[in-house]
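Scroll down for the structure; my scribbles are underneath it.
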Amino acid sequence: MPVLEVDNGITMAYQDRGSGRPIVFVHGWGGSGDVWDYQVMDLADRYRVITVDLRGHGASDKSWGSYDYEVFCADLRALMTALELEDVTLVGWSMGGHIGLKYAIEGMPAVTRLVITGSGPRFLKSEEHPYGGEPESAAALIDAIIEAKPETVAGLYGNNFHRTDLEATREWFIRIGEQVPGFIGLSSFRALLDEDLTEGLSRISIPVAVFSGAHDQIWDPGWSQVAATLIPDSTLVSFDNSGHVAFVEDRHAWNDALETFITEHS
């Protein structure tokens, strides 16, 4: 698996398949690039499909340190530069979409379109927007990661799915999540809770597609609606038979929506 040195000997793993206009896929909390397996199969015959393992995830280095959004965005920027990417569609799921929003708000290079799926500008409720969990529930989840990480990962990944006919896929996602050490899961989850990007949405100057599973139990779909309302050039697409992983549960419609968005903003 190819790796890129992103910082003082720390490497980030990625896969680069196909040819054509580049799409960079970023996974969610506790995930890896493997979660995009269906998109690789479906799209790499006509796009350059690049999947990454964020630092600390999958086959990337898992050194001691902070795993926050500044680090993740810097690593993505290093990837874009090293691969000499231009006109990139950046696609992020869950935490990956949250990172993508930060990347776009800060105007980092190469990305000309952004797609977020099962994501939004903030994870918990705010005074203005009553979507997501309470701070107390987040604190309890942090304690659960510290005290019982395998059980916590299994519970969270089980709640990713709305469909009940994907038990093997659910188990596959859990196995992916088990690769992430507890201290990395804890650091990155705290970073996810700390990042409130709501005020920065109006500064995003590229087209954004907001994909949302109607039955998402992880990232409240209300935050998808907020994102679509506040981002100047945005499109909201809902998938009625999906939870948090619409790119799996409603794979073909999700892929079609992605391709339509790319074509319409090329």
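The values are calculated or read from the model by the stated rules, or taken from the named source; none is laboratory data. None of these values were measured; they are calculated from a predicted model. Ideal geometry is used to build each Cβ from the backbone, glycine not excepted, and the neighbour counts take in all protein chains shown. Note: accessible area is taken over every heavy atom of the protein model, side chains too, but ligands, DNA and RNA are not part of it. Shrake-Rupley method; radii C 1.70, N 1.55, O 1.52, S 1.80 Å.
Using a 1.4 Å probe over the heavy atoms of the protein chains, calculate the carbon and sulfur portion of the accessible area of the range 25-92 as a whole percent. Intermediate values should be presented prior to the final figure.
Numbers: 1070 of 2290 Å².
Ligands and nucleic acids excluded, carbon and sulfur reach 47 percent.
Classify the range 1-136: rounded, prolate or oblate, from the alpha-carbon gyration tensor (a ≥ b ≥ c, eigenvalue square roots; a/c under 1.5 rounded; otherwise prolate if a/b is larger than b/c)?
On the way: a/c = 1.69, a/b = 1.34, b/c = 1.26.
It comes out prolate by the Cα gyration axes.
Would you work out the relative contact order for the range 67-118, in percent, from Cα pairs under 8 angstrom that are 6 or more residues apart? If you can, show how the numbers build up before the last one.
Working: 63 pairs, mean separation 21.5, N = 52.
Reported as a whole number, the value is 41 percent.
Taking θ = phi - 60°, what integer Hz values does the Karplus form 6.51 cos²θ - 1.76 cosθ + 1.60 yield along the range 53-65, in sequence order, with x for Gly and Pro?
Once rounded to whole Hz, the list reads 9, 3, 3, x, 10, x, 9, 6, 4, 10, 6, 5, x.
So, in nm, how far is label SER238 from label SER63 when the simple model puts each one 7 Å beyond its Cα toward the Cβ?
Each label point lies 7 Å from its Cα, and together they span 4.6 nm.
Taking a spot 7 Å from the Cα of ALA148 along the direction of its beta carbon, which residues of the range 159-176 have an amide N less than 20 Å from it?
159-161, 171, 174-176
Would you please classify the overall shape of the range 138-266 from the alpha carbon gyration tensor, given that a ≥ b ≥ c denote the square roots of the eigenvalues, rounded means a/c under 1.5, and beyond that prolate means a/b larger than b/c while oblate covers the rest?
Working: a/c = 2.30, a/b = 1.36, b/c = 1.69.
Oblate is the answer for the range 138-266, as a/c is 1.5 or above yet b/c matches or exceeds a/b.
How about the range 176-233: which GluC sites (Glu not before Pro) there are in a DSSP loop, with at most 11 other Cβ atoms within 10 Å of their Cβ?
Values: sites: GLU178, GLU195, GLU199; in loops: GLU178, GLU195.
Here no loop site has a sparse enough neighbourhood.
Treating the beta-carbon of each Lys and Arg as +1 and of each Asp and Glu as -1, no other charges, what is the dipole magnitude of the range 129-198 about its Cα centre, to the nearest 20 debye?
Details: 5 positive and 12 negative charges, 50 e Å.
Charge dipole, the range 129-198, about its Cα centre: 240 debye, nearest 20.
State the label only: which of (1) 112; (2) 123; (3) 158 corresponds to volume of the Cα convex hull per residue in Å³ computed from the shown model?
Only one option fits the structure, namely (1).
Which residue, LEU79, ALA59, ILE23, has the largest displacement toward the positive end of the dipole of the range 1-109 when charges sit on each Cβ (Lys, Arg +1; Asp, Glu -1)?
Most positive-ward Cα: ILE23.
Starting at the first residue of the range 177-182, write each ³J(HN,Hα) from the Karplus equation 6.51 cos²θ - 1.76 cosθ + 1.60 with θ = phi - 60°, in whole Hz, x for Gly and Pro.
My calculation for the range 177-182 gives x, 5, 6, 8, x, x Hz in order.
Explain nothing, just the number: relative contact order of the range 1-148, from Cα pairs under 8 Å at least 6 residues apart, as a whole percent.
Working: 263 pairs, mean separation 30.3, N = 148.
RCO, the range 1-148: 20 percent.
Using a Gaussian network model of the chain with C-alpha springs under 10 Å, which one of PRO130, PRO207, PRO22 is most mobile by mean-square fluctuation?
Top of the fluctuation ranking is PRO130.
Rounded, prolate or oblate: which fits the range 212-266, taking a ≥ b ≥ c as square roots of the Cα gyration tensor eigenvalues, rounded meaning a/c under 1.5, else prolate when a/b beats b/c? Intermediate values should be presented prior to the final figure.
On the way: a/c = 3.03, a/b = 1.11, b/c = 2.73.
Taking the square roots of the gyration eigenvalues as a ≥ b ≥ c, the range 212-266 is oblate.
For the chain, calculate the relative contact order in percent as a whole number, restricting contacts to Cα pairs under 8 Å that are 6 or more residues apart. Walk me through the intermediate numbers first.
Values: 547 pairs, mean separation 51.8, N = 266.
Contact order relative to length: 19 percent.
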